[in-house]
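Report on one structure; see the data block that follows.
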Amino acid sequence: MAEHTYHHEHEQGEIAPPQTKGIWRTFYILSAITALEFLIAFTIPAGTLKIAIFIGLTIVKAFYIVGEFMHLKHEVKTLIWSVLLPCIFVVWLLLALLMEGGSIFQLR
């Protein structure tokens with residue numbers, strides 16, 4: 001029976017140092033964007049500008065979450081685009097359908 005050897009960065013029994021610095025950085029960035037969304041929600045009157053800002057901030061948060069928690073930030077650029085491009089087209093499709101669906105009420 002062959003004996004397998006595995007290479008570890010730490011000796012057996014040694015605990016790896018916690019990587020909390022990156023986690024806290026992610027927490028602070030997402031909290032800041034969310035706080036900005038709350039500030040905008042209660043200060044800017046309802047309208048197209050407010051909706052556009054919310055959509056923009058939501059896309060920024062989504063890209064950051066995908067990059068950090070799905071680990072796409074460290075991948076090859078072609079893999080990132082193969083994930084993002086269909087998502088962009090789906091969002092475009094949803095917006096087009098919502099805009100076209102709303103115009104049916106204007107025809108009557």
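Tabulated data
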| quantity | calculated |
| --- | --- |
| Hits in the range 40-58 - residues which are closer than 18 Å to Phe27 by Cα and free of Cβ contacts under 8 Å to residues at least 24 places away in the same chain | Thr58 |
| Residue list for the range 56-70, restricted to those being part of a helix (DSSP H, G or I), exposed (fewer than 12 other Cβ atoms within 10 Å of the Cβ) and of a type in the set (A, V, I, L, M, F, W, C) | Phe69 |
| Test result for Glu37, within 18 Å of the chain's Cα centre (by Cα) and either part of a loop (DSSP other than H, G, I, E, B) or at pLDDT 75 or above (or both) | yes |
| Residue that is modelled with the highest pLDDT [pool: residues in the range 71-87 that are exposed (fewer than 12 other Cβ atoms within 10 Å of the Cβ), part of a helix (DSSP H, G or I) and of a type outside the set (Lys, Arg)] | Pro86 |
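Rundown of residues vs (1) out of contact with any Asp or Glu (no Cβ under 6 Å at 6 or more places or on another chain); (2) acidic (Asp, Glu); (3) under 22 Å from Ile80 (Cβ atoms); (4) modelled with pLDDT of 85 or more, yes/no style:
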residue	(1), (2), (3), (4)
Gly22	yes, no, yes, no
Ile29	yes, no, yes, yes
Ile33	yes, no, yes, yes
Phe42	yes, no, no, yes
Thr48	yes, no, no, yes
Val60	yes, no, yes, yes
Gly67	yes, no, yes, no
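The values are calculated or read from the model by the stated rules, or taken from the named source; none is laboratory data. A quick note: this is a predicted structure, and the numbers were derived from the prediction, not measured. Glycine also receives a Cβ, built like all others from the backbone with ideal geometry; neighbour counts cover every protein chain displayed.
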